[in-house]
Amino acid sequence: MVSTGPETTTSKDSTAQEDTSATSASFVTTADHKLQICSCGWRKVTSFWGLRIHQGKKRCLSKESQGPRIDLFLRKESNQSNEVHQLDENHSLESISTPVRDEENPSIELAVEETSAAESTQTPRPAVERRLPGYKLHVKWPGAAEKKVWEMVNDDLCRSLEQLRGTAEKKLENMGNIIYEYGAEHFGVLQPKVARQAPSPPVSRRQQKIKCLVQELRQLRKLWKKAPEAEKEGINILQAEIKTQLVSLRRAENFRKRRRKKEQTRTRFYKDPFKFLKTLFTKEKSGVLQTTKSDLEEHLRVTHSDPKRHEHLTIPSDIPPIDPPEHQCLYGDGVLKLPLTSLTEEFKCAKTRLQMTLNESQDPVVRENAPTLATGRKWTPARAVEEATAALRHADIVGNVQQGRGGLGLTTSRPAWRSAAPPARRKMVVEEVRRQEEAARWAKAVALGKQGRWTRWEGVEKRKMSWRDVWAMDAKSLSFTIRATYDVLPSPTNLHQWFGKDPTCVLCAKPASLRHILTGCKTSLTQGRYTWRHNQVLKILASTLEGKRSSINSQPLSTHKTSWETAFVREGATAARSNSKPSERSQLCPARDWKMLADVGKQLVFPSEIATTTLRPDLVLWSPSLRKVYMVELTVPWEDSMEEAYERKHLRYSELAAEARHQGWNTEVRPVEVGCRGFVGKSATKLLRDMGIRGQSLRTAIKAASEAAERSSQWLWLKRNDPSWAPR
């Protein structure tokens, strides 16, 4: 039995009603579900919306027994006599499921009258949930190409709008709601996108342990407040242990966070270096920019306009009538190797590498149909690859040839083209392209009369500067180093060539070239300027040798004889490997009584036990037990004259060396040159190596001597027009 107000019906009555009704009738089975029956014969215990879903999918409302579907929004479950009154009221959900009256099927009308009478006494259903005023979800209207669907929508809406009753104002008010409800019912609405919440980072075991220890510490603090005095001491011990664990865990966690932050920062830098650097040097924009329109227009006019744009520009008379310095001197493997590479060279190497990858592809289709790389008309990667390959094959035929003044076998060997793997061949071709570019730059530098004089230097070590060295130097020092190397400083002779100024020296009235200012001015020599620079370099050299001498003398004397002879191996045999640690290759190792005198600070007196002379070498290093003496003479010459300075100093002390040999001393004269522009001679490098200074110690000593000579020469350059001399 189901109660329907004051009247009740049995299941038999409901069954009879189902037979006479062609529309949906329902019986309450649960709080939300009823037996829903459709006019097509479909029946199921479901909710009201389940019936509507079925009718929408099966298109039951489009059959002849039902009127236009838009009436679902306009009619309630009542008879035709109450229709005019119901148009002015709010429509409930029940009205959507009520079909129209059909004259051909009177049973439908009877069922409608019976259900309307029963429902008139029931409690009214809740109204449709209303959304915020002024906001409605978007309807999923069909596409513009679905013409049949739009024709059906148009027919339904037209029939529904024709049945509207009331004034014109009320019809206009209801028209939009009717169309929206129709679209929402048949096509659905677009649900608003819910913003995804960022997933919380996973909690590691260390973090969980820290959290547990913090909770335990809090509980112990609470217990400590309530505990008697006898128990507080034990609680304090527990708290101390927990704090110790927390300190260790938090330190490890902070280290992990810092490492993670460094990784993220490194990733952001590699992804976009320009953006990363911009965030470092640019302050965050804050505040509100407020200005008037007139001020903004005036700012734009002043910033982006040129009042002299119509005037004809002329070349000023003070610009030197020479070409700018050749930029290729800054690239490549020259005497001054800067951390710069030519953009043209990198472009050619990249295209050559890509061409080799296509030519040696394992896919025959790619290999036989390699595309032509677009690089311009003057240079093509295909031709460059052919030339490099031909040069490498020719090198295989010729073999390893001797280069430089070294002995046989001192030239580094190169891999053979015929036995190289494809990756090695790509690398060899790219290196050959770089070598050709370097040869072209070298040929152009040789043709330069002034800027290319470094190509004729002999006995000079190349100077390599890293980015760290560049950033450590100030702008003036870096400018002096580069321009002094290529002799483009504004010396009086250069100014005379550029502008026609007086080329004479302020101090000695002779033509003042850069070489004259740094090494050839007699007035500077008399004033002691060159001696001061010489002593600055000598201090570095003496400090290095004194440190090595003290280190050797403090070591115990080895009992076995050190042999530096090369062990040759017969053809077909293998060299015997020794597990012993190689001994230090130093000429100071055989003795532990080395003494040294340096002509720094006070005048040097040559040791009388060796020879009696008035000559004063810069450094004297001798061992009485070995009867061995080294006479070191330092010179800071112009780089073009290093070989001449070596021969001059060697000849100067040859008689003293002969006299010492006559006294029974094994004597060596070691002239050392450090260029006035910071380029160290090979004689200095050889001396330090013979004394056992190698590796990082050797590089540090050479760099210190080079910087001392360069800084001193820069000070001499700044004081070139000052007659009064004061050391720095």
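The values are calculated or read from the model by the stated rules, or taken from the named source; none is laboratory data. Quantities reported herein were computed from a predicted structural model and do not represent experimental measurements. Cβ coordinates were reconstructed from backbone atoms using ideal geometry, including for glycine residues, and neighbour counts include every protein chain displayed. Ligands, DNA and RNA are stripped out before the accessible areas are found, and what is left, the full protein with its side chains, is counted by its heavy atoms. Shrake-Rupley method; radii C 1.70, N 1.55, O 1.52, S 1.80 Å.
Observations
- Phi-based couplings in Hz for the range 268-281 (Karplus 6.51, -1.76, 1.60; Gly and Pro marked x): 5, 5, 5, 6, 8, x, 5, 5, 5, 5, 5, 5, 6, 9
- Taken along its principal axes, the alpha carbon cloud of the range 668-728 reaches lengths of 43, 26, 16 Å, longest axis first.
- Cα-Cα over 28 Å, subset of Lys283/Lys308; Lys278/Lys476; Lys348/Lys464; Lys539/Lys628; Lys262/Lys462: Lys283/Lys308; Lys262/Lys462
- Highest to lowest packing among 477-483, 719-725, 683-689, scored as the average C-beta count within 10 Å: 683-689, 477-483, 719-725
- Proximal lysines relative to Lys170, as straight alpha-carbon distance under 29 Å, when same-chain residues fewer than 8 apart are discounted: Lys76, Lys136, Lys140
- Take every pair of alpha-carbon atoms less than 8 Å apart whose residues are at least six positions apart; their mean separation over the length of the range 653-721 yields a relative contact order of 28 percent.
- The range 482-543, accessible surface, carbon-and-sulfur percent (1.4 angstrom probe): 57
- Ligands, DNA and RNA aside, Leu716 has an accessible area near 10 Å² when probed at 1.4 Å.
- Only protein atoms count toward the accessible area here, which uses a 1.4 Å probe; on the range 632-728, the carbon and sulfur part of that area reaches 49 percent.
- Hz values of 3J(HN,Hα) by residue in the range 631-643 - Karplus curve (6.51, -1.76, 1.60), Gly and Pro given as x: 10, 9, 10, 9, 9, 10, x, 5, 4, 5, 10, 5, 5
- Summarising the amide proton neighbourhood of Lys464: residues at separation of 5 or more, or on other chains, whose placed amide H is nearer than 5 Å comprise Lys337.
- Integer Hz, Karplus 6.51/-1.76/1.60 couplings in order for the range 608-625, x for Gly and Pro: 6, 5, 8, 6, 10, 7, 9, 5, 10, x, 5, 9, 10, 10, 9, 10, x, 6
- Close amide H partners of Val189, meaning residues 5 or more places away or on another chain with modelled amide H under 5 Å apart, are Lys140.
- Relative packing of 636-643, 223-230, 38-45, which averages over residues the other C-beta atoms within 10 Å, highest first: 636-643, 38-45, 223-230
- Each Cα pair under 8 Å and six or more residues apart adds its separation to the average, and for the range 480-558 the resulting relative contact order is 16 percent.
- For Val45, distant residues with modelled amide H under 5 Å away: Gln36
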